[in-house]
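Colleague: Before we start, here is the structure in question, set down as structure tokens.
Read-outs throughout are calculated quantities, based only on the coordinates presented, and are distinct from any laboratory measurement. Just so we're clear, the structure is a prediction, and the values are computed from it rather than from any experiment. Quick reminder, even Gly has a Cβ in these numbers, built from the backbone with ideal geometry, and neighbours come from all protein chains shown.
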Protein chains: 2
Amino acid sequence: MLTREDCLAADRQDQLAALRQQFALPENVIYLDGNSLGVLPTSAEARSLQVLRQEWGEGLIRSWNTAGWFELPRRLGNKLAGLIGAGSDEVVITDTTSLNIFKALAAAIRIQQASAPQRKVIVSERDNFPTDLYMIQGMMDLLQQGYEMRLIDDTLSLQQALGDDVAVLLLSHVNYRTGAMHDMAAVTALAHQHGALTIWDLAHAAGAVPVDLNGSAADFAVGCTYKYLNGGPGSPAFIWVAPRHQDAFWQPLSGWWGHSRPFDMAVDYQPAQGIRRFLCGTQPILSMSLVECGLDATLQTSMAALRQKSLALTDLFIQLVEQRCSQHPLTLITPRAHAQRGSHVSYRHPEGYAVMQALIDRGVIGDYREPEVLRFGITPLYLSHADIWDAVDILRDILDSASWDQPRFKQRHAVT
Amino acid sequence: MLTREDCLAADRQDQLAALRQQFALPENVIYLDGNSLGVLPTSAEARSLQVLRQEWGEGLIRSWNTAGWFELPRRLGNKLAGLIGAGSDEVVITDTTSLNIFKALAAAIRIQQASAPQRKVIVSERDNFPTDLYMIQGMMDLLQQGYEMRLIDDTLSLQQALGDDVAVLLLSHVNYRTGAMHDMAAVTALAHQHGALTIWDLAHAAGAVPVDLNGSAADFAVGCTYKYLNGGPGSPAFIWVAPRHQDAFWQPLSGWWGHSRPFDMAVDYQPAQGIRRFLCGTQPILSMSLVECGLDATLQTSMAALRQKSLALTDLFIQLVEQRCSQHPLTLITPRAHAQRGSHVSYRHPEGYAVMQALIDRGVIGDYREPEVLRFGITPLYLSHADIWDAVDILRDILDSASWDQPRFKQRHAVT
């Protein structure tokens, strides 16, 4: 039986323990929601004041050149690239994940239209994060060209779904609810074998698990910087396009930032070469600048080291729940196999919503997701083994005492 | 002949003079580029630290509810509404101007497709800001339904361009280069008379001139908050949709923020009622929060008072250039008639680029725009009559001495 002392001993051996100093964590909180909104890097305040005082306040319009604002999407994209197996000038930080899905989808559809116009199906998963499905629906509704969406219910049905009518396969690398992870290389190979192009949503994967986009021969990827990458609330997202596809077509959100010579003010759109054509309009510089603080903190270690600790902590969480909460109706919905697990752990519980509110009330901040799911994000950058012990200890106490069974914990908020 | 003393006397009478205290302006700069990037409100630093420390740092994920992040697009949209003649819950702050053009264009096209599918032409102006034209081109290229763009070269050709094949008229209220302003009510009436829907780009109008969207019976409008509204570099844009059109169709950038119940995580997109369906993905909260600082500063006065001072200052600029620079080849390209003038003044000069660099070198920050255009943004919130005198005085000195004629002023930057 594991004890808290075992956890403290593991923390003393933890090579990544010092990274916690890179983040300003609130007192009396165990934060298990870094996969929804990452925490504040300690460097963010100084950077924010620099942007406000020097760059905006003093530099004003000159800062587009002198402070490098115009190059931020590409410069920060290059910093991110190494964390997701991308090369130089293959990624830009820009817009939102939803919008980047639209761009990737449009590009993938156009590539297929050129060589296989009969392919009119976009395959995804029923329990993919909904915005992915909504963007597909928006695209189909706009095109009015007979496209349809085919949703699979489990990975086993993937092969069957990939008929010769499929244009695009859009999957999340790590499922937002269950934490189940796809084998990106194997799934991409299967898709290619059936003539489909792949778009990977890395929202719960970037900074969470090792990702090898080029090594997997993926086609397109998008993701967000405000979860495991600690970029700040709603910080701009990213898009990666395999070099072989970058210059294939325009993407239709063809704003002036994607023009080859934006300041010529030409009437006709002429896309920039390479990844820059996936930019559209002027970016929110303050929010984007802080993305660098989170990236720099992550770049102090390696994805391999983070993965090792992430698996140790998610294993620990699962083991402690088994050891200490086994008499309660918690059903693990996250895969036990390491190769199929992201960096969060989720359980169903019939009163999941109230249990999560009771946890938050005790300072253990996780997430509730429909239906009945308690989701715990495990972020190795700033969590310790003792944090995991303490979180499960509070969970056990709440379940043993049924302290979740109060009206105040059952009241639904607009956003949870 | 006007003197600097006359300008100082006008400043002593200026009821808006105290508003300059709301902004942190650099020393030794006369900033005539507030129509490209507005200046830093003094309240922005404290607000930024509040978002970082309390809202992100301490509140973390809870701040989506407790700090009202989720409501920011609508709450700030309602603050902006009064400045552009919009009603409550008709505007949201979100995304970029380019993306909002795409949404408005898609909605307008769908409305026309339902009742007048033969209308396949989108009319705009050849010297509209290019991103407006590029977004039209991106949409046409995506739809592949035979749409075409018809560009007019002057307002007089508008009537002729509005044939019975026209679906949408997309114009900038104030031209980014010349400062020429359309009569929104008259042009909208003309468009409607010919069966076309209107999209107004208010980038150089919002906060600069009185705008009356509802009073003009306009259909759609978009614009940016980082120019006259002083929201910060790349701060999120806005979109307004006339209430009669809001629930007509989805817009195709149908991300989860536009869903009627985003946290149900339903598979099918179900658009929210009203303007909220024009939202797409998660917004950059830090950049968006600072939009409020600029709005609050503007809301301390009225658009009528700002307009009065703006016209006085642009008149003064034009008069002083005539009085003091008449022997130089400066050609005014901004209309002299008040009803046709926005809040900036532009001149052509054969060596416009070098002259502007020389001005910037002397602390008079304006903008250069192709071809040969010197552009001076006149922002009554923080400029004085003496500032205008001093700016023209330095311009005169540069022209008289030909000090612009140096290699260092002729070297082109990537971004100007």
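Colleague: Please compute the average number of Cβ atoms from other chains found within 10 Å of each residue's Cβ in peptide A:25-35. Kindly include the intermediate steps, with their values, before the conclusion.
Modeller: On the way: counts 3, 4, 1, 0, 3, 0, 2, 0, 3, 2, 1.
Across A:25-35, the average partner-chain Cβ count within 10 Å equals 2.
Colleague: Related question: Which of the lysines could be linked to B:Lys120 by a straight reach, that is with a Cα gap under 21 Å, when you skip same-chain ones fewer than 8 residues away?
Modeller: B:Lys103
Colleague: May I pose another question? Place a +1 charge on the Cβ of each Lys and Arg in segment A:27-89 and a -1 charge on the Cβ of each Asp and Glu, then give the dipole magnitude about the Cα centre in debye, rounded to the nearest 20. Each step should come with its number before you reach the end.
Modeller: Numbers: 6 positive and 7 negative charges, 50 e Å.
Computed charge dipole of segment A:27-89: roughly 240 debye.
Colleague: So what is the relative contact order for segment B:295-416, in percent, with contacts set as C-alpha pairs under 8 Å and at least six apart? Display every interim value, and only then the final one.
Modeller: Numbers: 139 pairs, mean separation 35.3, N = 122.
Value for segment B:295-416: 29 percent.
Colleague: Rounded, prolate or oblate: which fits chain B when a ≥ b ≥ c are the square roots of the eigenvalues of the alpha-carbon gyration tensor, with rounded for a/c under 1.5 and prolate only if a/b beats b/c? Mind dumping the intermediate values first?
Modeller: Details: a/c = 1.98, a/b = 1.34, b/c = 1.49.
The shape class here is oblate.
Colleague: Same structure, new question: Quick one: of the DSSP bridges fully inside chain A, what percent are antiparallel, nearest 5?
Modeller: Values: 22 of 40 bridges.
Of all bridge pairs located within chain A, approximately 55 percent are antiparallel.
Colleague: With angles folded into 0 to 90 degrees, how steeply does helix A:72-81 sit against the dominant principal axis of chain A? Use alpha carbons for both and round to 10.
Modeller: For helix A:72-81, the angle is close to 60 degrees.
Colleague: With angles folded into 0 to 90 degrees, how steeply does helix B:352-361 sit against the dominant principal axis of chain B? Use alpha carbons for both and round to 10.
Modeller: 80
Colleague: From the residues B:Gly87, B:Val166, B:Gly255, which one has its Cα farthest along the dipole of chain B in the positive direction, the dipole being from +1 and -1 charges on Cβ of Lys/Arg and Asp/Glu about the Cα centre?
Modeller: It is B:Gly255, whose Cα lies furthest towards the positive end.
Colleague: Now for a different question. So how do B:215-226, B:21-32 stack up, highest first, on mean other-Cβ count within 10 Å? Please report the intermediate quantities before stating the final value.
Modeller: On the way: B:215-226: 24.8, B:21-32: 17.2.
Descending mean neighbour count gives B:215-226, B:21-32.
Colleague: A further question follows. Roughly how many Å is it from the Cα centre of segment B:76-98 to that of segment A:221-269, as a whole number?
Modeller: 25
Colleague: Only residues of segment B:311-342 count here: report those whose backbone N is under 20 Å from the spot 7 Å along Cα→Cβ of B:Asp153, or say none.
Modeller: So the set is B:332-335.
Colleague: Hey, another quick one. What number, rounded to the nearest 500 deg cm²/dmol, is the helix-based mean residue ellipticity at 222 nm of chain B, given -39500 (n - 2.57) per DSSP H run of at least four residues and division by all its residues? Kindly include the intermediate steps, with their values, before the conclusion.
Modeller: Details: 14 runs with 148 residues, N = 416.
Helix-only estimate at 222 nm: -10500 deg cm²/dmol.
Colleague: Compute the signed sum of charges (Lys and Arg +1, Asp and Glu -1) over the other residues within less than 12 Å, Cβ to Cβ, of B:Leu320. Kindly include the intermediate steps, with their values, before the conclusion.
Modeller: Working: positive: B:Arg4, B:Arg324, B:Arg396; negative: B:Asp6, B:Asp315, B:Glu322, B:Asp387, B:Asp390, B:Asp393.
It works out to a net charge of -3.
Colleague: Please order A:Ser302, B:Ser384 by the number of other Cβ within 10 Å, starting at the fewest.
Modeller: Details: A:Ser302 14, B:Ser384 20.
Lowest count first: A:Ser302, B:Ser384.
Colleague: Explain nothing, just the number: dipole magnitude of the protein assembly as shown about its Cα centre with +1 on each Lys and Arg Cβ and -1 on each Asp and Glu Cβ, in debye rounded to the nearest 20. All intermediate terms of the calculation are to be shown ahead of the outcome.
Modeller: On the way: 68 positive and 88 negative charges, 46 e Å.
Computed about the Cα centre, the dipole is about 220 debye.
Colleague: Which angle from 0 to 90°, rounded to the nearest 10, does the C-alpha axis of helix A:97-115 make with the longest principal axis of chain A?
Modeller: 50
Colleague: How high is the FRET efficiency from B:Ser302 to B:Leu8, r the C-beta distance, R0 22 Å, rounded to 0.05? Don't jump to the answer; show the numbers that get you there.
Modeller: On the way: r = 25 Å, r/R0 = 1.13.
Plugging the Cβ-Cβ distance into 1/(1 + (r/R0)^6) gives 0.30.
Colleague: Related question: Quantify how strongly other chains surround peptide B:40-47 by giving the mean number of their Cβ atoms within 10 Å of each of its Cβ atoms. Please report the intermediate quantities before stating the final value.
Modeller: On the way: counts 7, 2, 1, 0, 5, 5, 0, 1.
The shielding value for this peptide is 3.
Colleague: Another question, if that's okay. Among A:Asn65, A:Val39, A:Ala10, whose Cα projects farthest towards the positive end of the dipole of segment A:1-145, with charges put on the beta-carbon of Lys, Arg (+1) and Asp, Glu (-1)?
Modeller: Of the options given, the answer is A:Asn65.
Colleague: Here's something else I'd like to know. Can you tell me which of B:92-100, A:269-277 comes out highest on packing, and rank the rest after it, using the mean Cβ neighbours within 10 Å? All intermediate terms of the calculation are to be shown ahead of the outcome.
Modeller: Values: B:92-100: 28.6, A:269-277: 18.8.
So the peptides B:92-100, A:269-277, ranked by packing, come out B:92-100, A:269-277.
Colleague: In whole Å, how far is the Cα centre of segment B:37-75 from that of segment B:195-211?
Modeller: 28
Colleague: Please arrange B:Cys325, A:Cys293 by how many other C-beta atoms lie within 10 Å of their C-beta, fewest to most.
Modeller: Working: B:Cys325 20, A:Cys293 23.
Result, fewest neighbours first: B:Cys325, A:Cys293.
Colleague: Right, next: Only bridges with both residues in segment A:67-298 count here: give the DSSP antiparallel percent, nearest 5. Don't jump to the answer; show the numbers that get you there.
Modeller: Values: 9 of 25 bridges.
Of all bridge pairs located within segment A:67-298, approximately 35 percent are antiparallel.
Colleague: Can you sort B:Leu60, A:Leu197, B:Leu19 from fewest to most other Cβ atoms within 10 Å of each residue's own Cβ? Intermediate values should be presented prior to the final figure.
Modeller: Values: B:Leu60 23, A:Leu197 26, B:Leu19 19.
The fewest-first ordering by Cβ neighbours comes to B:Leu19, B:Leu60, A:Leu197.
Colleague: Under the classification rounded if a/c is under 1.5, otherwise prolate if a/b is larger than b/c and oblate if not, where does segment A:67-298 fall, given a ≥ b ≥ c as square roots of the Cα gyration tensor eigenvalues?
Modeller: On the way: a/c = 1.83, a/b = 1.23, b/c = 1.48.
Judged from the Cα gyration tensor, segment A:67-298 comes out oblate (a/c at least 1.5, b/c at or above a/b).
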